[in-house]
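Read-outs: derived from the displayed coordinates by stated rules, not from any lab. Remember, it's a predicted structure, so these values are computed and weren't measured experimentally. Neighbour counts are summed over all protein chains in view; Cβ atoms, including those assigned to glycine, are modelled from backbone coordinates with ideal geometry.
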């Protein structure tokens with residue numbers, strides 16, 4: 001797909017967003033500024049159709065680790081908790097009383 005076609009598709013997507021926001025009381029100049037500011041991201045999405053869902057999932061793991069590691073002040077301890085949560089280790093091999101990984 002040529003770059004021009006992708007740019008036209010991205011602009012079409014942006015214009016439909018602009019039309020949608022026009023009914024929400026947002027002025028056209030604000031929407032145009034938003035499109036200009038985020039044009040690189042709009043074109044990248046039109047090319048790849050990828051969202052940031054994967055990064056949001058990783059961020060969720062980090063936030064869960066921070067909640068579990070509350071009270072710990074050393075960064076190395078928080079890193080250990082993150083690895084334990086994200087790694088989904090099966091600790092039953094070394095401790096038969098440990099729960100199964102979730």
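List of remarks:
- Computed lengthening from residue 37 to residue 74, 0.36 nm per intervening residue step minus Cα-Cα distance: 9.5 nm
- Cα pair distances exceeding 12 angstrom across the stretch 36-90, given as percent: 71 percent
- Distance between modelled label sites at residue 27 and residue 48, nm, 7 Å Cα→Cβ extension: 3.5 nm
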